[in-house]
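Enquirer: The structure that follows is given in the form of structure tokens.
The values are calculated or read from the model by the stated rules, or taken from the named source; none is laboratory data. Since we're looking at a predicted model, the values are computed, not measured. Counting neighbours? That spans all protein chains shown, and the Cβs are built from the backbone with ideal geometry, glycine included. Calculation scope for accessible area: heavy atoms of the full protein, side chains included, ligands and nucleic acids excluded. Shrake-Rupley method; radii C 1.70, N 1.55, O 1.52, S 1.80 Å.
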Amino acid sequence: MSDFDYDVLVIGAGPGGYVAAIRAAQLGLKTACADGRETLGGTCLNVGCIPSKAMLHASEFYDAAANGAMAKMGIDVTPRLNLPAMHAQRVDAVKGLTAGIEFLFKKNKVDWLKGYAAFTGKDSVEVAGKTYRAKNIIIATGSSVTPLPGVEVDNDKQIIVDSTGALELAKVPGHMVVIGGGVIGLELGSVWRRLGAKVTCVEFLDQILPGMDADVRKDANRIFKKQGIEFKLKTKVTGAAVKGKKAVLTLEPAAGGEAETLEADVVLVSIGRRPNTDGLALDKAGLTTNQRGQIETGHDFRTAVDGIWAIGDVIPGPMLAHKAEDEGIACAENIAGQTGIVNHDVIPSVVYTWPEIAGVGLTEEQAKEKGEVKVGKFPMAGNSRAKTNHEPDGFVKIIADAKTDRVLGVWCIASVAGTMIAQAAQAMEFGATSEDIAYTCHAHPTHSEAVKEAAMGVTGKPIHI
Ligand code: FAD
Ligand code: NAD
């Protein structure tokens, strides 16, 4: 193969990178993937999606036992928390899945180059002191926590932590302050609230979950408040001091004003994530980043430099594992001469709290900016399965184009909203109208019937309210 070591060299083995590497190898390309972590799978498998879901799932059971949800169904239990065992099952899940990627690399003959890569030219990188040349290089270096000036994270001390530290707390904090009412703050805040912590969430904006539909944001706030999370909206944290085993935060109204202090046993900094490009020596490849530090690409994931591609959290778009995976597949297919496409208008997003919160496509506010819309809404309290399961909270909302009836966005809050949103994404991918969904037979009794009923509400009326 001339003087190239590889057809494709992927930098980063997260869900973007490892999927791209496997797909490229499946397509007959000689492939390597570099990552300096001890295990494959990136943020998602090691310190993100998987460990957080392991803690969410386990703490959900504990909460159901502790808050009376089980008693409602005739199961009287008094739970006793075994936190080390809960952590052990989290670690086990991570171990199993990251080892699974190593197995898939071997099976597909992807070489794992152990170490962090830096460009030495436009078709070469150095990893652990060795230089490799590749016809194509995919940058899939992901993202890491955005720091908050004045609030220094030290995961070892377990007082001011980021998401990685918050996954591993050795004891349930008395009072946890979450900075940022986004996905991480609400998911990990929920874990520790369920296990017994008092949780206060400080959010800069006037509402939690920015980017989501306004009805969803409002109802989610109400539900989390009911569960016991206290919100300080329109508030910013301007500093933190560690005093003994506690942190003292200084808060100010977002618009400016009098400062106050707040004491916490643990502070979680979750104000967003930023792309990883430090240490890549992008300049040696002739690449630059945009103002947000991201690498820009075209629809086919080519960067400005021929032969260099980029995918996942390091490029613009939502920072989601499934978006990174789909981009990885499409990018590898494009390198192999096929036509790999990702429809960025239909990327579902899910918050794995109780209940779950999910959406795909446009919010009602965004849709209205583009033209006239019709909206159908159905409360989960009217859904027979949700009612039977004692899950009264939430709703499904469908936003359709007023003229064509084409579905533009679907939003839901429901115990299994993350599963329900898949049918909405598929319908939108097929260009469905609300009528298509309304006239699709949905199994009874399922939570998904609420999607059908919301669709019926777009042009007519649902049956069960
Ligand atoms: P990453 O997964 O970040 O992987 C990038 C990899 O590149 C890393 O392993 C890193 O070590 C490596 N790397 C970086 N620089 C170099 C270099 N120079 N050389 C070699 N390797 C390098 N998303 C969801 O869709 N669902 C969820 O439930 C979810 N939960 C999350 C929970 C938490 C706590 C966090 C933090 C994130 C969560 N996410 C979730 C987001 C998700 O993890 C990311 O969107 C996803 O991992 C991005 O994939 P990626 O491949 O672009 O990058
Ligand atoms: P986020 O962008 O979801 O939320 C950050 C929040 O912090 C926002 O509400 C923002 O207004 C607020 N904020 C910013 N600066 C602040 C300040 N100084 N004081 C108070 N509030 C402030 O970010 P995140 O929760 O850190 O998550 C990072 C990324 O990880 C997200 O983009 C998300 O897509 C991804 N993620 C996804 C999942 C999932 O899919 N279930 C789970 C976890 C993380």
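Enquirer: Which residues, taken from segment 124-162, are more than 16 Å from ligand 2 (Cβ to nearest atom), over 30 Å from Gly307 (Cβ atoms) and not acidic (Asp, Glu)?
Expert: Lys157, Gln158, Ile159 - these are the residues of segment 124-162 that are more than 16 Å from ligand 2 (Cβ to nearest atom), over 30 Å from Gly307 (Cβ atoms) and not acidic (Asp, Glu).
Enquirer: With within 28 Å of Asn46 (Cα to Cα) and hydroxyl-bearing (Ser, Thr, Tyr) as the only criterion, which of Thr339, Thr297 stands out?
Expert: Just one listed residue meets the conditions, Thr297.
Enquirer: Pairs under 9 Å by beta carbon, first residue within 9 Å of ligand 2 (Cβ to nearest atom) in segment 261-279, partner of a type in the set (Phe, Trp, Tyr) and open to solvent by 10 Å² or more (accessible area, probe 1.4 Å), six or more apart or different chains?
Expert: These pairs meet every condition: Ile271/Phe204.
Enquirer: Here's a follow-up. Of the residues that make up segment 46-61, is at least one within 12 Å of ligand 1 (Cβ to nearest atom), β-branched (Val, Ile, Thr) and either touching a helix residue (DSSP H, G or I) at 6+ places or on another chain (Cβ under 9 Å) or within 22 Å of Glu327 (Cα to Cα) (or both)?
Expert: Yes - at least one qualifying residue is present in segment 46-61.
Enquirer: Output the residues belonging to segment 95-122 that are touching a residue at least 60 places away in the same chain (Cβ under 8 Å) and β-branched (Val, Ile, Thr).
Expert: If the condition is that a residue be touching a residue at least 60 places away in the same chain (Cβ under 8 Å) and β-branched (Val, Ile, Thr), then Ile101, Val110, Thr120 are the ones that fit.
Enquirer: Mind listing whichever residues of segment 117-164 are in a loop (DSSP other than H, G, I, E, B), of a type in the set (Val, Ile, Thr) and over 27 Å from Leu251 (Cβ atoms)?
Expert: The answer is Thr141, and nothing else.
Enquirer: Condition first: of a type in the set (Ser, Thr, Tyr) and touching a residue at least 60 places away in the same chain (Cβ under 8 Å). Now tell me which residues in segment 383-408 satisfy that.
Expert: Passing the criteria: only Ser384.
Enquirer: Here is a follow-up. Return the residues of segment 391-434 that are of a type in the set (Val, Ile, Thr), crowded, with 24+ Cβ neighbours inside 10 Å and farther than 25 Å from Met70 by Cα; say none if nothing qualifies.
Expert: Val396, Ile398, Ile399, Val407, Val410, Ile421
Enquirer: More than 14 Å from ligand 2 (Cβ to nearest atom) and among the small types (Gly, Ala, Ser): which single residue out of Gly181, Gly165, Gly174, Gly185 fits that description?
Expert: Just a single option satisfies the conditions, and that option is Gly174.
Enquirer: Kindly check whether there is at least one residue in segment 2-16 that is in a helix (DSSP H, G or I) and among the β-branched types (Val, Ile, Thr).
Expert: no
Enquirer: Scanning segment 300-333 for residues that are assigned to a helix (DSSP H, G or I) and either of a type in the set (D, E, K, R) or more than 25 Å from Leu45 (Cβ to Cβ) (or both), which turns out farthest from ligand 1 (Cβ to nearest atom)?
Expert: Glu333
Enquirer: Out of the residues in segment 286-297 meeting the condition of being open to solvent by 100 Å² or more (accessible area, probe 1.4 Å) and over 10 Å from Ile315 (Cα atoms), tell me which one is nearest to the chain's Cα centre (by Cα).
Expert: Ranking the candidates gives Gln291 first.
Enquirer: Can you list residue pairs whose Cβ atoms sit under 7 Å apart, with the first residue in segment 295-316 being over 13 Å from Leu282 (Cβ atoms) and the second being within 16 Å of ligand 2 (Cβ to nearest atom) and open to solvent by 40 Å² or more (accessible area, probe 1.4 Å)? Count only pairs 6 or more apart in sequence or on different chains.
Expert: Asp313/Arg273; Asp313/Met319
Enquirer: Please specify each residue of segment 268-287 satisfying the condition of being assigned to a loop (DSSP other than H, G, I, E, B), closer than 28 Å to Ala241 by Cα and more than 10 Å from ligand 1 (Cβ to nearest atom).
Expert: Of everything in segment 268-287, those that are assigned to a loop (DSSP other than H, G, I, E, B), closer than 28 Å to Ala241 by Cα and more than 10 Å from ligand 1 (Cβ to nearest atom) turn out to be Ile271, Gly272.
Enquirer: I would also like to ask the following. Can you tell me how many residues within segment 151-184 are within 18 Å of Lys198 (Cβ to Cβ) and not hydrophobic (A, V, I, L, M, F, W, C)?
Expert: Of the residues in that region, 7 qualify.
Enquirer: Turning to a different aspect of this structure: Take Gly68 and tell me if it is open to solvent by less than 50 Å² (accessible area, probe 1.4 Å) and modelled with pLDDT under 95.
Expert: yes
Enquirer: Looking at (1) open to solvent by less than 40 Å² (accessible area, probe 1.4 Å); (2) under 20 Å from Arg273 (Cβ atoms); (3) touching a Ser or Thr at 6+ places or on another chain (Cβ under 8 Å); (4) not assigned by TED's automatic domain parsing to the domain that holds Gly286, which one does His175 not meet, given that it meets all the others?
Expert: Going through (1) open to solvent by less than 40 Å² (accessible area, probe 1.4 Å); (2) under 20 Å from Arg273 (Cβ atoms); (3) touching a Ser or Thr at 6+ places or on another chain (Cβ under 8 Å); (4) not assigned by TED's automatic domain parsing to the domain that holds Gly286 one by one, His175 breaks only (2).
Enquirer: Being exposed (fewer than 12 other Cβ atoms within 10 Å of the Cβ) and among the acidic types (Asp, Glu) narrows it down to one residue among Asp265, Asp300, Asp283; which is it?
Expert: Checking each option against the conditions leaves just Asp283.
Enquirer: Restricting the search to segment 124-144, which residues are surrounded by fewer than 20 Cβ atoms within 10 Å (Cβ to Cβ) and touching a residue at least 24 places away in the same chain (Cβ under 8 Å)?
Expert: Scanning segment 124-144 gives Val127, Arg133, Lys135, Ser144.
Enquirer: Within segment 322-341, track down each residue that is surrounded by 20 or more Cβ atoms within 10 Å (Cβ to Cβ) and within 16 Å of ligand 2 (Cβ to nearest atom).
Expert: Those that are surrounded by 20 or more Cβ atoms within 10 Å (Cβ to Cβ) and within 16 Å of ligand 2 (Cβ to nearest atom): Lys323, Ala324, Glu325, Asp326, Glu327.
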